[in-house]
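The next block holds one structure in the form of structure tokens; read it before the comments.
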């Protein structure tokens with residue numbers, strides 16, 4: 001988010017990509033571990049049910065939206081009020097706050113008397129989720145602006161592709177690393193991620209105090225279909241995270257029904273993350289998807305088909321012969337990860353190519369993700385309540401969830417189709433494209 005200082009007319013050069021990747025990669029390792037394992041941790045540490053995990057997910061989503069939408073205006077205000085508070089220093093404060101939050105549940109648990117109830121001290125994880133995720137919602141648009149600022153065209157595509165591969169690969173690494181500790185030391189996992197956040201802060205001197213200025217070196221306008229593709233993908237993006245976050249809180253119970261021990265949960269989950277890494281890498285190398293409408297269609301089909309397969313996997317086969325169940329589960333997780341990556345990559349690419357306010361573009365991108373974070377668990381909670389009423393839904397919870405998610409997905413697809421026809425954008429709480437980040441500097445992301 002290149003914030004030009006008063007009196008400085010020259011554009012800010014981009015931060016070296018290796019430095020931005022180093023900081024972003026370490027932060028992604030920590031934050032990705034928390035985000036991907038939080039429901040595993042609450043299930044093992046506190047005995048949470050899917051219903052409690054869904055409720056926790058709603059809090060996560062609502063607070064994430066606030067953080068993502070607030071980061072652009074907050075940084076502009078901070079620039080005016082405190083000129084010395086650069087984006088790099090903001091990232092330093094964020095790193096410290098995330099580290100302290102991650103330590104809280106373990107500290108609280110260690111203060112409890114021996115023999116306390118399993119849920120004793122669980123308030124700490126609610127505090128963690130309520131603050132940690134909105135702070136992350138503030139951090140990622142800034143990190144993305146360091147990756148993209150000062151770059152455009154081929155350089156921007158390469159930077160975005162490399163960044164996607166990096167953070168998604170760290171998610172796989174985090175899941176593999178925590179696997180041995182999940183059964184007996186779930187809260188220690190959170191404390192360890194706090195130390196990783198502090199490690200990321202040590203790399204901050206390598207990046208510039210502000211991200212690079214926006215540069216648009218195009219001599220031709222964007223292809224006409226880019227605006228429609230942007231609007232379509234920005235309606236599909238919250239659907240992706242809606243489906244994802246309807247599924248994630250259910251995974252501990254699904255894995256238990258299949259017969260997996262807790263140490264296996266992260267390793268099985270890593271399969272869809274690996275598929276996401278592979279898709280990110282493929283879309284970075286091959287650019288044939290750009291400007292084509294087949295990409296969102298294929299991505300949506302893979303995402304929804306994968307979700308249905310994951311939810312139904314425990315129903316396949318018999319306890320003595322789980323081969324078909326495991327095959328369906330792994331194939332579905334891989335399809336899910338591939339579809340999610342295809343939609344995410346295109347959504348981020350089109351918004352970065354067509355928007356000039358880099359931090360605000362990244363913030364609205366993250367806010368759309370937050371919509372999915374919120375509505376996914378809300379859908380799961382509604383389905384659980386509906387099943388709890390008895391009647392025809394009793395004992396068929398998986399079909400209730402599929403039905404609720406299907407309705408939500410159809411609504412999102414309908415919006416996507418409508419915006420394709422009208423060409424209108426989906427851009428929450430953003431200023432016009434031409435508005436500068438401040439009254440003094442270059443437009444920014």
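Each value in this text was obtained by applying a stated rule to the coordinates, not by laboratory testing. In this text, all values refer to a predicted model and were calculated from it rather than measured experimentally. Neighbour counts run over all protein chains shown; Cβ positions are idealised from the backbone, glycine included.
The table below lists the values:
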{"read-out": "If the convex hull is drawn through the Cα atoms of the stretch 184-263, its volume per residue in Å³", "value": "183 Å³"}
{"read-out": "Taking N as its residue count, the alpha carbon Rg of the stretch 211-339 over 2.2 N^0.38 Å", "value": "1.32"}
{"read-out": "Relative contact order %, the stretch 89-172, counting alpha carbon pairs below 8 Å whose residues are six or more apart", "value": "25 percent"}
{"read-out": "Cα centroid separation, the stretch 140-187 to the stretch 15-40 (Å)", "value": "5 Å"}
{"read-out": "For the stretch 223-263 and the stretch 322-355, distance of Cα centres in Å", "value": "8 Å"}
{"read-out": "Residue 177 paired with residue 51, simple spin-label distance in nm, labels 7 Å along Cα-to-beta-carbon", "value": "3.6 nm"}
{"read-out": "Compactness index (Cα Rg / 2.2 N^0.38 Å), the stretch 130-219", "value": "1.37"}
{"read-out": "For the stretch 7-92, the Rg and Dmax computed from alpha carbons only, in angstrom", "value": "18.2, 57"}
